[in-house]
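Below is one structure, written out as structure tokens, with a few remarks after it.
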Amino acid sequence: MDKAQKKAMVEQWKLRRPEMGVISIRCKATGEAFLGASKDTRADFNSNRAKLSMGSHPNKRLAALWEQYGEEGFEWLVLKTLDYENPGDDHTAELEKLREQCLDEDEKAVKIWK
């Protein structure tokens with residue numbers, strides 16, 4: 001790949017519009033839900049699934065449930081999505097607000113990570 005192609009690919013990546021929102025990993029057996037504010041829902045699902053599969057997830061409760069019930073014991077959902085204009089802007093505060101709304105709506109929900 002030459003420099004021009006690489007530069008074009010980098011620019012294209014910067015302009016992509018990943019789905020942003022609140023992700024939920026819910027244990028079917030207990031009803032516990034672990035919510036995250038995500039700037040890229042697909043990437044965060046993949047990251048969490050990989051960490052759980054490798055036994056290296058930082059959320060000990062989620063990891064214990066995963067060990068007990070396995071991947072088939074969970075449902076992976078996007079609870080709310082964020083409508084945004086510029087993908088380069090920082091949407092952290094908006095995503096945190098959406099997650100707090102979801103946490104308020106579900107008494108069995110906690111944050112995936114801090």
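Please treat every number below as a calculation from the coordinates, not as lab data. Quick caveat, the model's predicted, so the values are computed rather than measured. Reconstructed Cβ throughout: ideal geometry from the backbone, glycine too, with neighbour counts over all protein chains shown.
Tabulated data
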item: Out-of-range pairs (alpha-carbon distance over 23 Å; input K28/K97; K6/K80; K28/K80; K14/K39); result: K28/K97; K6/K80
item: Sites matching GluC sites (Glu not before Pro) across the stretch 3-56 that sit in DSSP coil, with at most 10 neighbouring C-beta atoms within 10 Å; result: none
item: Distance in nm between pseudo-label sites at S47 and K3 (7 Å out along the Cβ direction from Cα); result: 3.2
item: Charge context of W66, other residues only, Cβ under 15 angstrom, K/R +1, D/E -1; result: +1
item: Shape metrics for the stretch 32-111, restricted to C-alpha atoms - Rg then Dmax, Å; result: 13.6, 41
